[in-house]
Amino acid sequence: MRLGLVIDLDVCVGCHACAVSCKQWNASGTTGALPDYQPYGAEPSGVWFNRIRHFEVGSYPNSKTVNFPMSCMHCEDADCVTVCPTGASYKRAEDGIVLIDQDKCMGCNYCSWACPYGARELDRSTGTMKKCTLCVDRIYDQNIPVEDRQPACVLTCPAHARMFGDFDDPNSEVSKVVREREGYMLLPELGYNPTNHYLPPRKHKPIPVEMSADKTGLAGKLKQFVNRMVKR
Amino acid sequence: MHARIPTEDHARQEVKYSTCYMCACRCGIKVTLQEGKVRFIQGNRNHPTNQGVLCAKGSAGIMKQYSKARLSEPLIRKPGTDRGAGEFEVISWEQALDILTQRLQEIRATDPSKLAFFTGRDQMQALTGLWAQQFGTPNWAAHGGFCSVNMAVAGLYTIGFSFWEFGAPDWDYAKYFIMWGVAEDHSSNPIKIGLEKLKRGGGKFVTVNPVRTGYSAIADEWVPIKPGMDGLFALSIVHVLLSRELFDYEFLVNYTNATWLVIQNPGHSDDGLFLRDANGQPQVWDLERETFVNGIEAGITPALFGDFVAQDGRRLKTVFSLMAERYLDERYAPANVAAECGVPAETIERIALEMAHVAFKESIEFPIEWTDTWGRKHDKVIGRPVAMYAMRGISAHSNGFHACRAIHFIQMLLGALDGPGNFRARAPYPKPIPPHQLPENNVDIINAPNTSLSRPPLGFPTRPEDLVIDERGNPLRIDKAYSWEAPLSSHGLMHMVITNATNHDPYALDTLILFMSNMAWNSSMNTQAIQDMLRQKDPESFGEYKIPFLVVVDAFHSEMVNFADLVLPDTTYLERHDCISLLDRPISEPDAAADAIRYPLVPPNRNVRPWQEVMVELASRLKFPAFTNKDGTRKFRDYPDFIVNYERSPGVGFLSGWRGKDGDKFLKGEPNPNQWQAYIDNQSFFAHHWPDNQKYMCFVNRDYLEVASDAGFVGKVEPIIMQFYSEPMQKFRLAGQGLYDGPQPKDPADKERLTKYFDPLPLWYEPLEQQRVDAEEYPFYALTQRPMFMYHSWDSQNAWLRQIMAQNYLYMNARKAADMGLKDFDWVWVESRNGKIRCQLKTMEGCQENTVWTWNAIGKQKGAWGLKEEASEATKGFLLNHLISELLPERNGERRITNSDPVSGQAAWFDLRVKLYKAETGESGSWPQFPAIKRLPTDHYERPDVLRYDARVEDNDKAQS
């Protein structure tokens, strides 16, 4: 199994719902708490597993605003695992999820330097690295309904821009949608083979219209209107 | 080997369903509690509003529940200290209620209008309005006057339902969606769910907005219009549709007043009114019978076009002929509006033609049998799948009423209303046009002591006689709603209350109650001046303030709380009973009438009471008739008891589900003592799904209207004919022209405004403020919007949401900035005719070139909202409000007039024009700065440098109480 996410950039409106839902689930989850620094002071910050980048492409008036959620890509060839000196960082054989064993991590930050996606964050109070777990403490919970066994970000996304599934299964929803919509990996040239994929914006087909300058003046147009017999 | 990953300990958890209140969306939530602490808030999969999803605000409810800004005891301004100094003393609830009861008793027994009660959040207007009506004051409204009344009123005077929230796009079947000026707002989850459905189905999404953020980011086409020009753009689309004869002839003849005959008699009192028969029925010309017939009836063949002569010799034209004459004029040709709108003519024409193509060439037919109000059976419904939604960008201009009507014109021409794939009504709408409810305007009743009003304070005037003015023409309401200054102000003008009350214009108040509204900060125009007004003493009454007694009801320590004489601390949404009622603003969707409740999920750990409870308590103490038994004892034990047992009319109460003694009736039925439990057992909402034959064309759908009539949504089963031409508007215009048979204004300013702006057909005019401001000196339009993760919430207090944004910037077009030598993070001065501010700049591509904008309500006063004084919101964040005046620029010989739409009284936030220039080196930080608000005596909250919230750990938030 190779579990991961598909994020549909055609419909992501950048609302941060996924990020906050992730925060609340994981704050009280397997790697919780997630600290907040100066939560009521100047320049508040904290540990988040999922952050939304906003940027623009093109120039006015043909610019496009892009909202780009980023979290751990659960790479097949994860350098963050290779560089970890304590073995805390590991990739699970059974489902490909990359996790950090909080008992082994010493917070050396090697993994965050190795990760080009900015997925790993240091919890300054515990001195350990934290990151997206794909809600591993939720997706295998046999005591909740099957439809709820998904990462919090996927369950909550109001635009249904996030999908979760097994990329090893060619018939899974994620595999199919990546095939059909030409889903892509972020920075494939780096060779980490990320599991998560992004779907590019759809292209809308032009609507057939007949443009023509109508040169008749007002009087002419009024004359053209003929009453039709429409009975109520 | 790695440790096995533990899952949740469900044995320690409890799951409850309620309704979110992090914004105005009212989504269903599934709350997991871990031994009383909030573990996880999710969307409720079964809920009609959000269908399982939840936005950032909803998910951050935990941090609201444990906010450091929570009020915890009733407070009174410390004797001998000045208002606004922030010195308070704790008092008991008994003391607080005694003080307030005594004060209110005296007002009610002398001059009830001296109480004004205005509410910010307005999801319980059915109760607050009833309370004000029972008290006997006309001075009540919610925040709609400074929010979106243009959308509500334009819709309700035109199509019988409206943008805002009495209608919704039919996302399942729409093929073309055009969004007008929606600032990341309203209907937050439903719009996101809908946009994805639309795009998945291959529909096209066009956004008309000067700024490309949020929803607009994913639009297939962005139309970066100049602010305030939407009405002109829409009327140009009307021009294109008319000139190509692209309109739904059947729809116009059957369901609109396009065929009605308008009297052409300039200079006379009947000019511009409909030709009516002896019974008052509007007349049309029947092409078959060649005579005038009743335009409401069936069996007629009305002429859509033409000039006619009445039997008495008066000249007549059909509404549609009047429209053709006006909008086919070259004034509205795309080429002639392109420069003003900032949109190429080709784009305007193409969008009009695209809409027409989708409406007529890609229409949908469902084989659904339905019967219309004339008894005619139809074997299908036809859907013109062009959907629209419009909000703040249209609404917040002083030409917004007409702009919104212009948009409804496009929908009517295309026949794209309340059918599959277009813009559909949500019960209890559609209603008659306008709804049959008039505001109380009987002077004797309003002035009578200890007397309830005979009608609600708000309603829908249809003629000058319905205005709420005295015999001399002076306003009877403190906000001057329903006066000549704003005749159709059906949500009141909350933004004028403090100014008018301070100026004792039209009269002085005694007590102002503000519920959940930050009028001393981001909810007021002209913030600094408003704060000064709140502090202003009355030289004629020693020691008294101009507004003598100010009661603030809120759950959190806002800037407004700082100015209170009496603070009544409210509960959070997870701590109280609430109902989201069909009598008010329900959660209905086009396919279902629906309402919802909240109930206490966690016990409050502070000495706070729900405002609903306090209102019922006060109503009982003051012996309001509806709250008192014949023997003088109180009728309702508490709020839940009131909700179950109060009946507006027999069988119709606040909650429509599980009515009847056995709980087996819906919409109508006698009270059910177990109704709350029934809601709780059913995930806190009720939905009545309309059968197929009652889903569409509700405005003339007999089977739907029969149910609607029985449930009290409408008075009787009759067709609701959409109104291109608005006769109520014409009646006010006649009054302005001095031609009306009835009340007429005396002030030349009113005459001019009525004559110009009460056009019965939509027109575009330059926004009022801009007519009086030099565009060369102030070259930029200035706008605000709320970010999605804080829309309709004041969540800078929220430890998680403020991490997404704790400082706002002023955004402007990158090329324009470069031309002016400005770059990212420069500190700039921004000046308007009303004042200046200093703020930090960011440039972007997705911003119309003549526009600057910022995120509203991020800026906070130091010390407010439980934040530390050094919070970025206070040091770097800013409000644009300082630049906006609640009054139009002064004009010689004219009284000061509200900066609002002249029809609806909608606050004209977006009419602002500014100039900007780089601050001097060394000038940094936002300006103006205000003194830090003092900590409340009850505020013992710890503000830790590091927060580690974990619902499983008992003691990690020990400073929460």
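Quick grid of which residues meet (1) crowded, with 19+ Cβ neighbours inside 10 Å; (2) touching a Ser or Thr at 6+ places or on another chain (Cβ under 6 Å); (3) more than 7 Å from chain B (Cβ to nearest Cβ):
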site	(1), (2), (3)
A:Cys15	yes, no, no
A:Leu34	yes, no, yes
A:Tyr40	yes, no, no
A:Ser45	no, no, no
A:Trp48	yes, no, yes
A:Ile52	yes, no, yes
A:Asn62	no, no, yes
A:Pro69	yes, no, yes
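Looking only at the range A:20-32, filter to residues that are at the interface with chain B (Cβ under 7 Å from one of its Cβ atoms) and hydrophobic (A, V, I, L, M, F, W, C); which one of those is surrounded by the fewest Cβ atoms within 10 Å (Cβ to Cβ)?
Across the range A:20-32, the extreme among qualifying residues is A:Ala27.
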**Request:** Filter the range B:871-900 down to the residues that are within 14 Å of chain A (Cβ to nearest Cβ) and outside any loop (DSSP other than H, G, I, E, B), then identify the one that is surrounded by the most Cβ atoms within 10 Å (Cβ to Cβ).
**Result:** B:Ala874
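More than 7 Å from chain B (Cβ to nearest Cβ), modelled with pLDDT of 95 or more and surrounded by fewer than 19 Cβ atoms within 10 Å (Cβ to Cβ): does that describe A:Asp77?
Spelling it out, A:Asp77 is indeed more than 7 Å from chain B (Cβ to nearest Cβ), modelled with pLDDT of 95 or more and surrounded by fewer than 19 Cβ atoms within 10 Å (Cβ to Cβ).
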**Hits in the range A:102-158 - residues which are out of contact with any Lys or Arg (no Cβ under 6 Å at 6 or more places or on another chain), under 23 Å from B:His47 (Cβ atoms) and not in a loop (DSSP other than H, G, I, E, B)** = A:Arg138, A:Val146, A:Glu147, A:Asp148, A:Ala152, A:Leu155, A:Thr156
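Results for (1) assigned to a strand (DSSP E or B); (2) more than 30 Å from A:Gln38 (Cα to Cα); (3) within 11 Å of chain A (Cβ to nearest Cβ); (4) aliphatic (A, V, I, L, M), shown as yes or no for each residue.
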| site | (1), (2), (3), (4) |
| --- | --- |
| B:Tyr21 | no, no, no, no |
| B:Ala24 | no, no, no, yes |
| B:Lys30 | yes, no, yes, no |
| B:Ser72 | no, no, no, no |
**Message:** Filter the range B:80-126 down to the residues that are under 26 Å from B:Tyr507 (Cα atoms), outside any helix (DSSP H, G or I) and of a type in the set (Asp, Glu) and list them by number.
**Reply:** B:Asp82, B:Asp111, B:Asp122
**Request:** Collect the residues in the range A:151-177 that are surrounded by fewer than 20 Cβ atoms within 10 Å (Cβ to Cβ), of a type outside the set (Asp, Glu) and more than 10 Å from every other protein chain (Cβ to nearest Cβ), keeping them in residue-number order.
**Result:** A:Pro170, A:Asn171, A:Ser172, A:Ser175, A:Lys176, A:Val177
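Which of the residues that make up the range B:1-31 are polar (S, T, N, Q) and farther than 19 Å from B:Gln677 by Cα?
B:Thr7, B:Gln13
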**Asked** Which condition breaks for B:Glu87 when tested against (1) surrounded by fewer than 19 Cβ atoms within 10 Å (Cβ to Cβ); (2) under 23 Å from B:Ile580 (Cα atoms); (3) charged (D, E, K, R)?
**Response** (2)
**Message:** Need the failing condition index for B:Ala339 against (1) touching a residue at least 60 places away in the same chain (Cβ under 8 Å); (2) more than 10 Å from chain A (Cβ to nearest Cβ); (3) in a helix (DSSP H, G or I), just the number.
**Reply:** (1)
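Check the range A:80-90 and report whether any residue there is more than 27 Å from B:Gln807 (Cα to Cα), touching a Ser or Thr at 6+ places or on another chain (Cβ under 6 Å) and away from every other protein chain (no Cβ under 11 Å).
yes
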**Message:** For the range B:293-306, give me each residue that is more than 39 Å from the chain's Cα centre (by Cα) and more than 10 Å from chain A (Cβ to nearest Cβ).
**Reply:** B:Val293
**Fill in**
Quick count over the range B:356-379, residues being assigned to a helix (DSSP H, G or I) and more than 9 Å from chain A (Cβ to nearest Cβ), is 2
**Prompt:** Which residues, counting only those in the range B:760-772, are assigned to a loop (DSSP other than H, G, I, E, B), surrounded by 20 or more Cβ atoms within 10 Å (Cβ to Cβ) and out of contact with any Leu (no Cβ under 6 Å at 6 or more places or on another chain)?
**Reply:** B:Pro760, B:Leu761, B:Pro762, B:Pro767
**Request:** Test each condition in (1) more than 14 Å from chain A (Cβ to nearest Cβ); (2) in contact with a strand residue (DSSP E or B) (Cβ under 7 Å, 6 or more places away or on another chain) for B:Pro385 and report the one that comes out false.
**Result:** (1)
**Message:** Among (1) of a type in the set (A, V, I, L, M, F, W, C); (2) over 21 Å from B:Arg733 (Cα atoms); (3) in contact (Cβ under 8 Å) with a residue 60 or more places away in the chain, there is one condition B:Val443 misses while meeting the rest; what is its number?
**Reply:** (3)
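The values are calculated or read from the model by the stated rules, or taken from the named source; none is laboratory data. Everything quoted here is computed from the prediction, not taken from an experiment. Quick reminder, even Gly has a Cβ in these numbers, built from the backbone with ideal geometry, and neighbours come from all protein chains shown.
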